[in-house]
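Novice: Sharing a structure here in structure tokens format.
The values are calculated or read from the model by the stated rules, or taken from the named source; none is laboratory data. Being a predicted model, the structure only gives us computed values, none of them experimental.
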Amino acid sequence: MYRFSRGIVAVLILLSVFCATAFAEKKVVTAEGKYVMGDLDSKQNAKALALMEAKRISLEKAGTYIESIMKLWSM
């Protein structure tokens, strides 16, 4: 009987995890990174730094979006 109840609890936990991901919302976040080159900068280095800035900005936007969704669901 103990084994049976453990199995049911495990199945219920798995179902709750899969149901939570079924309600996930997809959103595309875009950002533009800029870098002003100096005299000693290479073009490749400037592109890499601009890409890093774009990634940082997009992560900030995504984090703000996730936080606002979480607050909405909490109310």
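Novice: Taking the stretch 12-29, which residues are aliphatic (A, V, I, L, M) and either at pLDDT 75 or above or part of a loop (DSSP other than H, G, I, E, B) (or both)? Let's see the steps before the verdict.
Specialist: If we filter the stretch 12-29 for residues that are aliphatic (A, V, I, L, M), which is where we start, we get 12-15, 17, 20, 22, 24, 28-29.
If the condition is that a residue be aliphatic (A, V, I, L, M) and either at pLDDT 75 or above or part of a loop (DSSP other than H, G, I, E, B) (or both), then 13, 24, 28, 29 are the ones that fit.
Novice: Among (1) of a type in the set (Asp, Glu); (2) assigned to a loop (DSSP other than H, G, I, E, B); (3) modelled with pLDDT under 75, where does residue 32 come up short?
Specialist: Tallying (1) of a type in the set (Asp, Glu); (2) assigned to a loop (DSSP other than H, G, I, E, B); (3) modelled with pLDDT under 75, residue 32 fails exactly one: (3).
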